[in-house]
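Report on the structure given below.
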Amino acid sequence: MGDERVTDRIALWVIGLVSSLVVVAVGFLLLGRQPQIDAIHNVSVLPVVNAFLNGTSAALLTAGYFFIRQRKVTAHKTCMLTAFGVSSLFLVSYVIYHYQAGSKPFAGHGWIRAVYYPLLISHLVLAALIVPFALTTIYRAWRGQFARHMRIARWTLPLWLYVSVTGVVVYWMLYHLVPRP
């Protein structure tokens, strides 16, 4: 029992460190770095790739939930680990895009701004929170701590699903809601 607690503490420390580094790196890209647009690196397709990855993650999370409700553990595990992989690909693509292109300002006017900005802020805050939640949830399943896994998964799943779905909605609002001049 003592060795397991030490292993858990180390794992949670590593999860906290990794999560913090991800949040700091993304925060720096969004707030602290001026993009250097380079004709060699055309990243204009990445927002649609990111929306696709977010949508895929949402579908996998939903399927994984239904599989575990049917006690299809292997299918659940496959969906959830694939959702984690897809979300990780999203993060890499997101970082590459924002490193190269910076952030696109929202062009909507009027009442839609009162919808877009709270949605964006809730998406960003929960996206930062989902990193340690997802890593901890996966770690607990991997260690066979299923009671603890289920307790945190009850929070992780809806938060992760919200982040995935709102990622697609934010993309749509940013790139397709406002007509181009």
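The values are calculated or read from the model by the stated rules, or taken from the named source; none is laboratory data. This is a predicted model, so every value here is computed, not measured. FYI the Cβ positions are ideal-geometry reconstructions off the backbone, even for glycines, and counts take in every protein chain you see. To get the accessible areas, we keep the full protein, side chains included, count just its heavy atoms, and leave off ligands, DNA and RNA. Shrake-Rupley method; radii C 1.70, N 1.55, O 1.52, S 1.80 Å.
Filtered by the rule that a residue be open to solvent by less than 40 Å² (accessible area, probe 1.4 Å) and under 21 Å from VAL22 (Cβ atoms), the range 95-114 gives TYR97, HIS98, GLN100, ALA101, GLY102. Within the range 115-125, can one find any residue that is of a type outside the set (Phe, Trp, Tyr), at pLDDT below 95 and within 17 Å of SER19 (Cα to Cα)? Yes: the range 115-125 contains one or more residues that are of a type outside the set (Phe, Trp, Tyr), at pLDDT below 95 and within 17 Å of SER19 (Cα to Cα). Based on what the data block shows, is ASN50 open to solvent by less than 40 Å² (accessible area, probe 1.4 Å) and either more than 30 Å from ILE10 (Cα to Cα) or more than 15 Å from the chain's Cα centre (by Cα) (or both)? Considered against the rule, which asks whether it is open to solvent by less than 40 Å² (accessible area, probe 1.4 Å) and either more than 30 Å from ILE10 (Cα to Cα) or more than 15 Å from the chain's Cα centre (by Cα) (or both), ASN50 comes out as yes. Testing TYR171 on (1) farther than 22 Å from LEU29 by Cβ; (2) among the aromatic types (Phe, Trp, Tyr); (3) open to solvent by less than 50 Å² (accessible area, probe 1.4 Å), one condition comes back false. Which one is that? Exception for TYR171: condition (1).
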